C-alpha cells in the first residue's frame, strides 16, 4: 500500500492523520465558546499520537485523472452487474465485521474488557451524565 510520509518538502494535497493505526483517543478537553465567551462545557477533541502516517483524502480530488496519477492505479470501466457485485461484496464484508443483532428481549452480557478496544470500533471517551454541564 502506498504511504504519505511527512517530510521537509512542500506539497499541497488533502491528507488526514492515520488515527486508526496511531490509536488516537478522544478526550473532553476542548472548551466550548458561546457568543465569544468560554464556557465550562467541554467538547470532544482528538489527541493525536506522534505516528508519522497520513491518509490521502481522495474525496478532495475532483479529477479522476489526478486520482489515478496520485495512486498509480489503472482503472477500468465497470459494467452495471460488476458494480452491483462490488457493492454487495462490500456490504457483506461490512456486515461480517459488525456484531450480530440479537432478537428483541434478549440481552447479551457485555464482553470483559481486554485492555485493547476492538479494531472496528471508534475510539471515543464515555461521558458521565454528571460531567455534562448546561449553560
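Note on the stretch 52-72: among residues that are modelled with pLDDT of 75 or more and in a loop (DSSP other than H, G, I, E, B), the one that is surrounded by the most Cβ atoms within 10 Å (Cβ to Cβ) is 53.
Taking residue 83 as the residue in question, decide whether it is out of contact with any helix residue (DSSP H, G or I) (no Cβ under 6 Å at 6 or more places or on another chain), under 26 Å from residue 18 (Cβ atoms) and at pLDDT 75 or above. Even if it seems obvious, please write down each step before you answer.
Details: out of contact with any helix residue (DSSP H, G or I) (no Cβ under 6 Å at 6 or more places or on another chain): yes; under 26 Å from residue 18 (Cβ atoms): no; at pLDDT 75 or above: yes.
Spelling it out, it is not the case that residue 83 is out of contact with any helix residue (DSSP H, G or I) (no Cβ under 6 Å at 6 or more places or on another chain), under 26 Å from residue 18 (Cβ atoms) and at pLDDT 75 or above.
The values are calculated or read from the model by the stated rules, or taken from the named source; none is laboratory data. These figures come from a predicted structure and were not determined experimentally. For neighbour counting, all protein chains shown are included, and Cβ atoms are generated from backbone atoms with ideal geometry for every residue, glycine included.
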